[in-house]
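Inspection log for the structure reproduced underneath, given as C-alpha cells.
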Amino acid sequence: MGSQIPATALPDRDSHSLRLSHPTYQEKVATWLLNSKSWGSALDLDSYLEREEYLTKVPLARNDGVTHWILVDTTASPDDRAIYASCESLRKRSLVRTAEGKLKEVICHGIGSVFANPKYRGKGYAGRMLKDLALVLRTWQIEKNVSGREECMFSFLYSDIGKNFYANMGWQPFPSSHISFPLVAGAVDNGHVKPLVCEDLLALCEFDEENIRKSLQNVKNERPHVYLVPDYEVMQWHHLREDFMTGKLFGKSPTTKGAIVGEEGSRVWAIWTRAYYGPLDGAESGNTLYILRLIVEDEQVNEANTQALKSILELAQAEAAEWRCQHVALWNPTENVKGLVGNTKLDHESVDRQSDSIASLMWYGSKDHEKVDDVEWLGNEKYGWC
Ligand SMILES: CC(C)(COP(=O)(O)OP(=O)(O)OC[C@H]1O[C@@H](n2cnc3c(N)ncnc32)[C@H](O)[C@@H]1OP(=O)(O)O)[C@@H](O)C(=O)NCCC(=O)NCCS
C-alpha cells in the first residue's frame, strides 16, 4: 500500500501540497509495521501490531483520546499515498495556575511515536509535520461548552533524540533526570509496607489531585505553573500497557502496582509500572520498573519517611528483579525526596539524561508575551510519559 515516489519527484518540505491528515485503518497498520523496527523489539510482530491497536481502545485513548497524524500529499488518495511522517497525540487533563494566579483545568496534548519512513528521512518531513501539528494542537479538541475542555494551553513530548530537534521547533527541554536503583532479589517483608493493587489507585489519585489543586492555589510567584493531572486513567493507561506486555512475555501479569506505608496525612506511597523495550535476556534491553508517581504526604525529611521510602523502594527492587527488569527508575525527584533517598543508604545512581526521554513542552499560554521559559512544570514524573 502507498504509492512509490521516485526520489526526484519528492515534494519540498515547505511545499503547499503537503498537509497533515489522519490515516485510514490500513494506513495506521502500515505505520505500525514500519515503526515496529524501532519500538517493537520486545514483542513478535503480530503481538506488537496487536498492542498498538489495543492501546487505541483503552480508556484514556478511546473516544478520540488518541489522534493519529500523518504527513501526506494533498493530491493523493487515502490508502494510495506516500506517508512521509507519522505520530500520535494523546489528550490529557492538566491544571494550570496562570501568571495572574487563576487556577484552571485545561486540556493538553502529549505527542508520541514520531516517525518518518526510512526512505523519506532527512528531507525535513518530520519537522514539517511537527510544525503543522504544533499549530493544530493549540485548538484541537477544545470544546467551549465542556468544563475543563475550554482551552488547550500546552503540548508536550519526551524526546529520544536529544534536546535540539524538538527545541528548534519550540518544544523546550525541561529537567530530565532520574535516580536509578539496582535490582535486589527477594522482597524484604518488614511488615509495614502494603502493596498497592489496581483497586487501590482511584482513591489515591483523587486524593493526589485534590492536594495538587490546593498546592497550586498556594503558589506565590507570578509565573505560569503547569501540572499534568496524575489521574486514574493516566495510571491505568500505563498499567494496561504493562499488562499487555507482561501477558505476552510471561503469560501472566503483575498485580502489585505500587506500595504504601503509614496513615493518611503522613503516608508515603508510590505507583509504578514495568516497561519492556527489548528481549528479557538482552543485556542492553533497558527494561525498567518506573516509579510513575511518588508521594510523601507530609513532605518531611525525617526518619519515619526515610524508613517508609526504603521499604517501598526495596519492594520495587524485588518486583523489578522478579519481572526481569534491569533497574528501578525514579524521575525528577524533589530535593526532599533526594534527601530521603540519601538517608535510606540504598545503592543508587543519579542520571541527568541528555538524549532519551527529554521532557519537552510547547507553551500556548494565555497571553501572547508569555514564553515557555516562564513556565514551571511541576510533578514532572514518569506518569506523564506517552
Ligand atoms: C527522528 C525522525 C522522525 C526524523 O525524521 P526526518 O523526516 O528524517 O526528520 P527531518 O528531516 O525533519 O529532520 C532531520 C533532523 O532530525 C535529526 N535526527 C534524526 N534522527 C536523529 C537521532 N536519532 N538523534 C538526533 N537527531 C536525529 C537529524 O539530525 C536532522 O537534524 P538537522 O536537520 O539539524 O540535520 C526519524 O529519523 C525517525 O523516524 N527515527 C526513528 C524513530 C525515532 O527515533 N523517532 C523519534 C522519537 S522521539
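The values are calculated or read from the model by the stated rules, or taken from the named source; none is laboratory data. These figures come from a predicted structure and were not determined experimentally. For neighbour counting, all protein chains shown are included, and Cβ atoms are generated from backbone atoms with ideal geometry for every residue, glycine included.
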Of the listed residues (L34, L10, L55, L71), the one being in contact with a strand residue (DSSP E or B) (Cβ under 9 Å, 6 or more places away or on another chain) and more than 30 Å from D281 (Cα to Cα) is L71
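May I ask you to list the residues in region 113-122 that are part of a loop (DSSP other than H, G, I, E, B) and more than 6 Å from the ligand (Cβ to nearest atom)?
N117
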Among (1) in a helix (DSSP H, G or I); (2) touching a strand residue (DSSP E or B) at 6+ places or on another chain (Cβ under 8 Å); (3) within 16 Å of the ligand (Cβ to nearest atom), A82 falls short only on (1)
Within region 56-73, residues surrounded by fewer than 20 Cβ atoms within 10 Å (Cβ to Cβ) and more than 15 Å from T24 (Cα to Cα) come out as K57, V58, P59, R62, N63, G65
Filter region 342-386 for residues that are aromatic (F, W, Y) and in a loop (DSSP other than H, G, I, E, B); the one that is surrounded by the fewest Cβ atoms within 10 Å (Cβ to Cβ) is Y364
Requiring at least 3 residues that are closer than 18 Å to I312 by Cα and modelled with pLDDT of 95 or more, the strands (runs of 3 or more DSSP E) wholly within region 197-286 are 258-261, 268-275
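Tally up the residues in region 85-108 that are not in a strand (DSSP E or B) and not charged (D, E, K, R), please.
Total satisfying the criteria: 3.
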Within region 18-44, residues in a helix (DSSP H, G or I) and over 23 Å from the mean Cα position of the chain (by Cα) come out as Y25, Q26, E27, A30
Within region 288-326, residues out of contact with any Lys or Arg (no Cβ under 6 Å at 6 or more places or on another chain), assigned to a loop (DSSP other than H, G, I, E, B) and crowded, with 19+ Cβ neighbours inside 10 Å come out as Q326
Within region 325-355, residues being in contact with a helix residue (DSSP H, G or I) (Cβ under 8 Å, 6 or more places away or on another chain) and over 14 Å from F181 (Cβ atoms) number 1
Exactly one of A316, A304, A329, A320 is of a type in the set (G, A, S) and under 22 Å from F174 (Cβ atoms), and that residue is A329
Y125: passes all of (1) within 11 Å of the ligand (Cβ to nearest atom); (2) surrounded by fewer than 20 Cβ atoms within 10 Å (Cβ to Cβ) but (2)
